[in-house]
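The values are calculated or read from the model by the stated rules, or taken from the named source; none is laboratory data. These numbers come from a predicted model, not from an experiment. Here the Cβ positions follow ideal geometry from the backbone for every residue, glycine too, while neighbour counts run over all protein chains shown.
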Amino acid sequence: MKRFKWLFAALLLILIIGACSNSSDESAKETEGDKPKEEEDSVYPITPDIDSLDPEDPKTEAILYGEEVFNETNVVMPDHVGNELSCQSCHADGGLSVSSSLVGVVADYPQYRPRENVTFTLEDRVNGCMIRSMNGEMMETDSEEMRGLIAYMTFLSEGYEIGTAERPWAAPSNKEEIPEPNVVAGEELYEEKNCLTCHATDGSGTGANTGPALWGENSFNDGAGMGRLTKITGYIQNNMPIGDEYDLTDQEAVDLGAFILMQDRPVFAGHADDFPEMENPPSDIITEERRKAIQEGTFDWSEIEAVKVAE
């Protein structure tokens, strides 16, 4: 009888373990199914190893210098950068970050840009970042720094043909539709999600690559792409918090984005010249006038076409 009880207990234990295992498998499947579409669809490319560069190749010196300029832009080019940011501040891991990858970027240019109403070269695009995201000055296209950056990004783009390459891993950060922002909730989230650990309580940051300034004089100006509510919302959702990317809901991401963009920052002088040929230019640019209205609580979010205002 005792032996029977022992066998019965063992059988019961096996059944329980099996049930837990199945439950765990189902849970894993559910978790995997909940991965963002961007992760499911993006096949991240194998990138060239910079450590494998041939020291005897005359291009190697330029590529390595370009990597340095990319990672330490504000340090290498203090006369051209008007804040405390680097290219890596947005394009992490030297441009290799899954969420903001520059792998294959050379294949996207030349590219028509409606904002400037000009067909851009990659050099033009870099200089666009210099005067907007870096709040600084354009580089000479034949400067050592520009040549280095182009050499480095070309190195990251080996194997991708101009005009024909598809880059599913480089999905745009902007959102076509976003909820109505709540800046009070955004301020609470800024602390709750520990944004201040890297970006400081006052948004001044802890370093260009450790936690770039999100507002204030050392951050991007309001002419940068990140100054658009749809773009900053998508960027936050795709990149933050580090280690828990994609965990923020649309509402949380837009609340954080609106809170960040309502803060004072450098003003871009060329807004009036942007999108000259567009009948309906983007309506989500947070200018100085809009910042003041948001701070005063008088801004009408329905002015932004992408915002789905709560009824």
| request: Would you please list the contacts, defined by Cβ atoms under 9 Å and residues six or more apart or on different chains, that run from a residue in region 198-217 that is at positive phi to a residue that is surrounded by 19 or more Cβ atoms within 10 Å (Cβ to Cβ) and among the polar types (S, T, N, Q)? | output: Gly203/Ser219; Gly205/Ser89; Gly205/Asn218; Gly205/Ser219; Gly216/Asn83
| said: Checking the conditions here, which among Glu72, Glu67, Glu84 is in contact (Cβ under 8 Å) with a residue 60 or more places away in the chain, crowded, with 19+ Cβ neighbours inside 10 Å, acidic (Asp, Glu) and under 21 Å from Ser204 (Cβ atoms)? | reply: Glu84
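Out of everything in region 98-118 that is small (Gly, Ala, Ser) and at negative phi, what residue ends up being surrounded by the fewest Cβ atoms within 10 Å (Cβ to Cβ)?
Taking region 98-118 as the starting set, the residues that turn out to be small (Gly, Ala, Ser) are 99-101, 104, 107.
Then keep just the ones that are at negative phi; that gives 99-101, 107.
Values: Ser99: 22, Ser100: 19, Ser101: 22, Ala107: 16.
Filtering first and then ranking leaves Ala107.
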| Is one or more of the residues making up region 184-194 over 12 Å from Phe259 (Cα atoms), crowded, with 16+ Cβ neighbours inside 10 Å and either assigned by TED's automatic domain parsing to the domain that holds Ser97 or touching a residue at least 40 places away in the same chain (Cβ under 8 Å) (or both)? | yes
| helices (runs of 4 or more DSSP H) fully within region 208-311 counting 1 or more residues that are in contact with a Ser or Thr (Cβ under 9 Å, 6 or more places away or on another chain) and crowded, with 19+ Cβ neighbours inside 10 Å | 229-239, 250-261
| query | In region 119-155, which residues are outside any helix (DSSP H, G or I), buried (at least 19 other Cβ atoms within 10 Å of the Cβ) and in contact with a helix residue (DSSP H, G or I) (Cβ under 6 Å, 6 or more places away or on another chain)? | reply | Gly136, Met139
| remark: Matching residues in region 146-162 (within 21 Å of Ala224 (Cα to Cα) and touching a Phe, Trp or Tyr at 6+ places or on another chain (Cβ under 9 Å)) number 2
| Some residue of region 106-126 being within 24 Å of Ile50 (Cα to Cα) and aromatic (Phe, Trp, Tyr) | yes
| When you go through (1) modelled with pLDDT of 95 or more; (2) within 19 Å of Ser204 (Cβ to Cβ); (3) not acidic (Asp, Glu) one by one for Ile242, which number turns out not to apply? | (1)
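Can you go through Asp247, Asp264 and tell me which one is on the phi < 0 side of the Ramachandran plot, of a type outside the set (A, V, I, L, M, F, W, C), touching a residue at least 40 places away in the same chain (Cβ under 8 Å) and assigned by TED's automatic domain parsing to the domain that holds His199?
Of Asp247, Asp264, the one residue that is on the phi < 0 side of the Ramachandran plot, of a type outside the set (A, V, I, L, M, F, W, C), touching a residue at least 40 places away in the same chain (Cβ under 8 Å) and assigned by TED's automatic domain parsing to the domain that holds His199 is Asp264.
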